[in-house]
1. With the requirement that a residue be of a type in the set (A, V, I, L, M, F, W, C), in contact with a Gly (Cβ under 8 Å, 6 or more places away or on another chain) and closer than 21 Å to Ala245 by Cα, what does the range 180-208 give you?
2. Looking only at the range 173-187, which residues are under 13 Å from His256 (Cα atoms) and not charged (D, E, K, R)?
3. For the range 136-179, which positions are surrounded by fewer than 19 Cβ atoms within 10 Å (Cβ to Cβ), under 30 Å from Cys246 (Cβ atoms) and over 19 Å from the mean Cα position of the chain (by Cα)?
4. Can you tell which of Thr56, Thr21 is modelled with pLDDT under 95, open to solvent by 30 Å² or more (accessible area, probe 1.4 Å), of a type in the set (Ser, Thr, Tyr) and within 27 Å of Pro305 (Cα to Cα)?
5. I'm trying to understand the selection: among the residues of the range 215-247, which are of a type outside the set (A, V, I, L, M, F, W, C) and exposed (fewer than 15 other Cβ atoms within 10 Å of the Cβ)?
6. Which of the following residues is open to solvent by 30 Å² or more (accessible area, probe 1.4 Å) and touching a residue at least 40 places away in the same chain (Cβ under 8 Å): Ile212, Ile193?
7. Given the conditions (1) among the basic types (Lys, Arg); (2) at pLDDT 95 or above; (3) more than 15 Å from the chain's Cα centre (by Cα), and given that Lys201 satisfies all but one, which numbered condition is not satisfied?
8. Does at least one position in the range 112-126 carry a residue that is of a type in the set (D, E, K, R) and assigned to a helix (DSSP H, G or I)?
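The values are calculated or read from the model by the stated rules, or taken from the named source; none is laboratory data. Fair warning: this is a prediction, and the values are worked out from it, not measured in the lab. Glycine also receives a Cβ, built like all others from the backbone with ideal geometry; neighbour counts cover every protein chain displayed. Just so you know, the surface numbers come from the protein's heavy atoms only, side chains and all, with ligands and any DNA or RNA stripped out. Shrake-Rupley method; radii C 1.70, N 1.55, O 1.52, S 1.80 Å.
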Amino acid sequence: MSCFCTAQEEFYCEVLLLDETKLTLTTQQQGIKYWLDPSKTLSEHKDLIKKGPPYTLYFGVKFYAENPCKLKEEITRYQFFLQVKQDVLQGRIPCPLDISAQLAALAIQSELGDYDPYKHVSGYVSEYRFVPDQKEELEHAIEMIHKTVMGQIPSKAELSYLGIAKTLDMYGVDLHPVFGENQSEYFLGLTPIGVVVYKNKTQVGKYFWPRITKVHFKETQFELQVVGKDCTETSFFFKAPNKTACKHLWKCCIEHHTFFRMPENDGNTLTRKLSKFGSLGSKHRYSGKTAMQMGRDPSVSLPRPDLQVVRTRSKTYSKRTSQTTGQMDIQHT
């Protein structure tokens, strides 16, 4: 599954999964990741489309489950596994060497099965890619760990992978660049639990969705109003790089807040709650089901019996040739 590449002319669509969950896909323009409106045709996105046709569509997850291990169907967990594996590979989820090796070994187990010294000769891990700028040292560590996870079927290995990945700091974080006081560079990260503020790659603030009472933007200024433990409201202001980026950040924040933290109520009550998040007459609203609603929908019986999950092979590369690998091969023979 290819997701969120760096080319500027990328456009996305909405995909209906087998569990009837809709995943909307995005485009990128001037470094900003956009999600297409499923109520519009591709030609109606004139504000985003600058080039083409042809267009390239990519499949991706918009709202990350807070705990993907609790997803009810194997097919959905498999899609999340593919997305997170891609996030690690492309550097959106940084992780230390030891964790990278564990994750990659589980991915190898899911794809190749149990370690077999006759099939998996030294250097076999180098035919796959798991992290940016992958080194031979990591590949050797992956091979060693792969030998210890024998017996895990693909679904179990993927579940173990997600169990580790969900604990990583950048799991499910949608990053947006902003500026604070004195033009200091920050990133606002939208997550399943709230908005996280980063400065110099360090978390300096976290605002949980239930405590965020207002999201507002004007021109390039973005405002978050948060209720503190003493029940007083405080506004935090940031400046986006431009008007387009500011409105996009506001839209994404509205959608994340609604999806993850808006209770299941009737339409009128939901509209009243959402009205606090209006800004400058914008009519943008998130109209899809919330996480809570999908979990309680009586019309969807999950997991469904006899559902077949078809797994695809990862892209492979030429095996690494090095002095170390050559010595290991000689010793093996």
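1. Within the range 180-208, Val195, Val196, Val197 meet the criteria.
2. Val173, Leu175
3. Phe179 - this is the single residue of the range 136-179 that is surrounded by fewer than 19 Cβ atoms within 10 Å (Cβ to Cβ), under 30 Å from Cys246 (Cβ atoms) and over 19 Å from the mean Cα position of the chain (by Cα).
4. It is Thr21.
5. Those that are of a type outside the set (A, V, I, L, M, F, W, C) and exposed (fewer than 15 other Cβ atoms within 10 Å of the Cβ): Lys218, Glu219, Gln221, Gly228, Lys229, Asp230, Thr232, Glu233, Thr234, Ser235, Asn242, Lys243.
6. Going through Ile212, Ile193 in turn, just one is open to solvent by 30 Å² or more (accessible area, probe 1.4 Å) and touching a residue at least 40 places away in the same chain (Cβ under 8 Å): Ile193.
7. (2)
8. No, because not a single residue in the range 112-126 is of a type in the set (D, E, K, R) and assigned to a helix (DSSP H, G or I).
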